[in-house]
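What follows is a single structure, written as structure tokens, with notes after it.
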Amino acid sequence: MAKVIDWLKENRRLLFSLEITPPDRGRSMDDILSGIDPLMRFEPQFINVTYHQPHMVYEEKDGVITRRPRRKKPGTVGICSAIKNRFRVEPVPHLICGSFSRFETEDTLIDLHFLGIQNILALRGDPPPGQARFIPEKDGHEYAGQLVEQIARLNRGQYIDELEDPFPTRFCIGVAGYPEKHFESPNLEKDLQFLKAKVDAGADYVITQMFFDFRLYKEFVEKARAIGIQVPIIPGLKPLVNRRQIQTVPSAFHVNIPAELVALIEEARTKEQAFAGGIRYMAQLVERLLEFGVPGIHIFTMGQGHATRSLLDAVFSAPR
Ligand code: FAD
């Protein structure tokens, strides 16, 4: 089934998707595909591929300052195409507002449509490394909601310039939601209003930011439903398995890590024990989510194939 929303509506099985990040410039396609290979036995229905703004640097030569991209993770569209061909799994490219003008967004959407890609996760995107706040591109979108509107317009055959007899695209649109609120938002209620605006603009479903406490997801869904957000809300999950992550994850993703999980990892005597404790905790979290009746689970692999595999082994081998 090509579209996430069709799978969610028509299939009784749980949706299971993975999220991967393109490799740095200079790495080969095999690097990324061999990372996905061992996860294919869990039969994901969709594989998301992230997109990132380039890291820009300013260089001065002969008194003239120029700006150029230094590090960029290329290849989201190419990786999506390779995933579709090699694994026969539907890719979900992430499309961001940052670094795209509306015209460049339209061109990218046309390319994706020509490649037969029917799913998009529409995001504002993080600021590039070294930049504190998000700055939209000239003639680009400031918020993900505007990107959703543009994709929805293209689905109705409305291009930026009026065209005679234009073809409509058929994109299924996902958006991000934040159980602990987006870090720039003054409160969760306000953030949820903007999430509702994204859904009203045409988003078909939501994938959440990672969270480590079942209660946060449950309350988020309840609050979303209370203000009229009726689309599926898929929990996004990241296995947390070592001490470094305890330090880096909260500041990188603006999320809390419950004391119980911190203790499991910090008080472990060996790395292996910490790893096993983290996987056990996450597997229990997934179990509670499944009991609650989530529409699917989405795993942020972030180059952590081993942790993802261990979590999936624990989840899929558990008796039900
Ligand atoms: P928005 O929905 O635009 O929200 C951003 C902020 O603006 C929020 O605080 C919101 O409350 C506020 N806001 C929204 N609309 C309005 C409005 N009309 N007026 C005023 N305020 C408003 N980042 C990447 O760079 N690449 C990726 O591939 C990527 N993948 C992700 C996948 C998932 C599942 C998730 C949860 C996040 C991902 N991110 C990615 C991170 C995301 O881009 C950042 O969190 C970004 O800061 C916000 O993106 P958004 O789409 O939620 O933005």
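Miscellaneous remarks
- Hey, Gln273 assigned to a helix (DSSP H, G or I), out of contact with any Ser or Thr (no Cβ under 6 Å at 6 or more places or on another chain), open to solvent by 40 Å² or more (accessible area, probe 1.4 Å) and more than 16 Å from the ligand (Cβ to nearest atom) or not: yes
- Cβ-Cβ contacts under 8 Å between residues 6 or more apart (or on different chains), taken from a first residue in region 186-199 that is outside any helix (DSSP H, G or I) to a second residue that is more than 9 Å from the ligand (Cβ to nearest atom), are absent.
- Each residue in region 39-59 was checked for being surrounded by fewer than 14 Cβ atoms within 10 Å (Cβ to Cβ) and touching a Lys or Arg at 6+ places or on another chain (Cβ under 6 Å), and 2 pass.
- Annotation note: of Leu109, Leu39, the sole residue that is in contact with a helix residue (DSSP H, G or I) (Cβ under 9 Å, 6 or more places away or on another chain) and within 17 Å of Thr301 (Cα to Cα) is Leu39.
- Residue ID - surrounded by the fewest Cβ atoms within 10 Å (Cβ to Cβ), chosen from residues in region 1-23 that are among the polar types (S, T, N, Q) and in a loop (DSSP other than H, G, I, E, B): Asn11
- Residue list for region 230-258, restricted to those being closer than 24 Å to Ala314 by Cα, in a helix (DSSP H, G or I) and either among the hydroxyl-bearing types (Ser, Thr, Tyr) or open to solvent by 50 Å² or more (accessible area, probe 1.4 Å) (or both): Arg243, Arg244
- Matching residues, region 286-320, being closer than 18 Å to Tyr217 by Cα, open to solvent by 10 Å² or more (accessible area, probe 1.4 Å) and of a type outside the set (Phe, Trp, Tyr): Glu287, Arg288, Leu290, Glu291, Gly293, Val294, Pro295
- Residue among Gln304, Gln273 that alone is out of contact with any helix residue (DSSP H, G or I) (no Cβ under 8 Å at 6 or more places or on another chain) and touching a residue at least 12 places away in the same chain (Cβ under 8 Å): Gln304
- All positions within region 85-135 that are more than 12 Å from the ligand (Cβ to nearest atom), within 21 Å of Gln146 (Cα to Cα) and charged (D, E, K, R): Arg102, Glu104, Glu106, Asp107, Asp111
- Residue count for region 202-218, restricted to those that are within 12 Å of the ligand (Cβ to nearest atom), open to solvent by less than 30 Å² (accessible area, probe 1.4 Å) and either acidic (Asp, Glu) or assigned to a loop (DSSP other than H, G, I, E, B) (or both): 3.
Okay, residues lined up against (1) away from the ligand (no atom under 16 Å from the Cβ); (2) more than 20 Å from the chain's Cα centre (by Cα); (3) of a type in the set (D, E, K, R):
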position: Glu266; (1), (2), (3): yes, yes, yes
position: Tyr281; (1), (2), (3): yes, yes, no
position: Glu287; (1), (2), (3): yes, yes, yes
position: Glu291; (1), (2), (3): yes, yes, yes
position: Val294; (1), (2), (3): no, no, no
position: Phe300; (1), (2), (3): no, no, no
position: Val315; (1), (2), (3): yes, yes, no
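- For region 74-83, the count of residues that are at pLDDT 95 or above, surrounded by fewer than 20 Cβ atoms within 10 Å (Cβ to Cβ), under 20 Å from the mean Cα position of the chain (by Cα) and of a type outside the set (A, V, I, L, M) is zero.
- Unique match (being under 29 Å from Ala259 (Cβ atoms), of a type in the set (Val, Ile, Thr) and open to solvent by less than 50 Å² (accessible area, probe 1.4 Å)) among Val221, Val199: Val221
- Checking each residue in region 137-154 for being within 20 Å of Leu195 (Cα to Cα), out of contact with any Gly (no Cβ under 6 Å at 6 or more places or on another chain) and either outside any loop (DSSP other than H, G, I, E, B) or within 10 Å of the ligand (Cβ to nearest atom) (or both) picks out His141, Glu142, Tyr143, Ala144, Gly145, Gln146, Leu147, Glu149, Gln150, Ile151, Arg153.
- Qualifying residue in region 102-124 (condition: touching a residue at least 24 places away in the same chain (Cβ under 8 Å), among the aromatic types (Phe, Trp, Tyr) and closer than 20 Å to Gly174 by Cβ): no
The values are calculated or read from the model by the stated rules, or taken from the named source; none is laboratory data. Computed from a prediction, not measured in an experiment: that's the story for all the values here. Glycine gets a Cβ as well: all are built from the backbone with ideal geometry, and neighbour counts include every protein chain shown. These accessible areas exclude ligands, DNA and RNA; they are computed on the full protein's heavy atoms, side chains included. Shrake-Rupley method; radii C 1.70, N 1.55, O 1.52, S 1.80 Å.
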